[in-house]
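**Student:** Attaching a single structure in structure tokens format; questions to follow.
The values are calculated or read from the model by the stated rules, or taken from the named source; none is laboratory data. The model shown is predicted, which means the values in this text are computed figures rather than measured ones. No Cβ is skipped: glycine too gets one built from the backbone with ideal geometry, and neighbour counts run over all protein chains shown. For accessibility, only protein heavy atoms count, side chains too; no ligands or nucleic acids. Shrake-Rupley method; radii C 1.70, N 1.55, O 1.52, S 1.80 Å.
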Amino acid sequence: MLFGINSLYIWVAVIIIGVAVEAFTLDLSAIWFAVGGVAALIAASIGLSVPTQLVIFVLFSAVLLILMRPFCRRFLKTKKEATNADRIIGETAIVTEAVDHLHETGAVKVCGTVWSARSVDDSVIPVGTTVHVVDIRGVKAVVEKNN
């Protein structure tokens with residue numbers, strides 16, 4: 001008994017909370033506490049004392065967190081795909097569709113490809129104007145008029 005509650009219920013709650021937190025964060029941190037909770041639940045079910053259950057929980061959780069987390073993260077790490085989209089930043093482009101923030105229109109041709117575009121200062125830029133690409137936001141080139 002811990003705080004007047006059967007320790008089996010506490011360890012089941014620890015397991016559920018650990019799995020739930022891991023499901024929401026996907027950080028490979030909370031899952032090790034859930035596994036530690038399983039070890040403590042087994043210890044409680046065979047009748048070991050509450051202090052022993054706590055020691056088992058802490059040891060299992062800490063050892064798994066320290067040893068297994070880096071190993072698992074290496075294999076589950078997602079690799080960022082390079083798209084080379086940032087190569088157009090700094091390039092000169094020609095407006096092929098008037099850039100107008102209010103009407104949500106605008107396109108520029110840069111490096112042989114047509115991009116949706118928005119102006120840096122939300123100004124209207126007419127067709128045929130030469131512009132400079134200063135940024136990419138999502139799939140839109142952010143442009144400013146050349147001086």
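**Student:** Residues with amide H under 5 Å of Ala93's amide H, sequence separation 5 or more or different chain, H placed in the peptide plane at 1.01 Å from N; which?
**Tutor:** Val131, His132, Val133
**Student:** Moving on to the next point. From the phi of every residue in the range 119-124, what ³J(HN,Hα) in whole Hz does the Karplus formula 6.51 cos²θ - 1.76 cosθ + 1.60 yield, where θ is phi - 60° and glycine or proline is x?
**Tutor:** Per residue, the Karplus-derived 3J(HN,Hα) values read 8, 4, 10, 6, 7, 7 Hz.
**Student:** What number comes out for the charge environment of Thr113, summing +1 per Lys or Arg and -1 per Asp or Glu over other residues with Cβ under 12 Å away? Could you put the intermediate results ahead of the total?
**Tutor:** On the way: positive: Arg87, Lys109; negative: Glu91.
Result for the local shell: +1.
**Student:** I would also like to ask the following. Summing +1 for each Lys or Arg and -1 for each Asp or Glu, what net charge is found among the other residues whose Cβ lies under 14 Å from the Cβ of Glu104?
**Tutor:** Numbers: positive: Arg118, Arg137, Lys140; negative: Glu97, Asp100, Asp122.
Residues near Glu104 contribute 0 overall.
**Student:** Hey, another quick one. Rounded to the nearest 0.05, what FRET efficiency do Asp135 and Asp27 have when you use their Cβ-Cβ distance and R0 = 22 Å?
**Tutor:** Numbers: r = 30 Å, r/R0 = 1.37.
In this case the efficiency is close to 0.15.
**Student:** Give the long-range amide H neighbours of Val143: residues separated by 5 or more places, or on another chain, with amide H under 5 Å away, using H modelled in the peptide plane at 1.01 Å from N.
**Tutor:** For Val143, whose amide H was placed from the backbone, the distant partners under 5 Å are Arg118, Ser119, Val120, Val134.
**Student:** While we're looking at this one, here's another question. List, in order, the whole-Hz ³J(HN,Hα) value for each residue of the range 18-35 obtained from phi through the Karplus relation with A = 6.51, B = -1.76, C = 1.60 and θ = phi - 60°; use x for Gly and Pro.
**Tutor:** x, 5, 5, 4, 5, 5, 7, 9, 6, 9, 6, 10, 6, 5, 5, 6, 5, 5
**Student:** Please give the net charge around Lys145, taking every other residue with its beta carbon less than 14 angstrom from that of Lys145, where Lys and Arg add +1 and Asp and Glu add -1.
**Tutor:** Values: positive: Arg118; negative: Asp100, Asp121, Asp122, Glu144.
Once positives and negatives cancel, what remains is -3.
**Student:** Express the carbon and sulfur contribution to the solvent-accessible surface of the chain as a percent, rounded to the nearest whole number, probe 1.4 angstrom.
**Tutor:** Working: 6310 of 9640 Å².
Its accessible area is 65 percent carbon and sulfur atoms.
**Student:** Efficiency by 1/(1 + (r/R0)^6): what FRET value for Ile94 and Ile42, r their Cβ-Cβ distance, R0 = 41 Å, to the nearest 0.05?
**Tutor:** Values: r = 70 Å, r/R0 = 1.70.
Efficiency, from the Cβ-Cβ distance: 0.05.
**Student:** Something else now. Per DSSP H run of n ≥ 4, the term is -39500 (n - 2.57); total these for the chain, divide by its residue number, and report the mean residue ellipticity at 222 nm rounded to 500 deg cm²/dmol. Walk me through the numbers on the way to the answer.
**Tutor:** Working: 3 runs with 62 residues, N = 147.
Helices in the chain give a 222 nm mean residue ellipticity of -14500 deg cm²/dmol.
**Student:** Sticking with this structure for a sec: For the chain, what is the convex hull volume of its Cα atoms per residue in Å³? Please list the in-between numbers first.
**Tutor:** Numbers: hull volume 25.4 nm³, N = 147.
About 173 Å³ per residue, rounded to a whole number.
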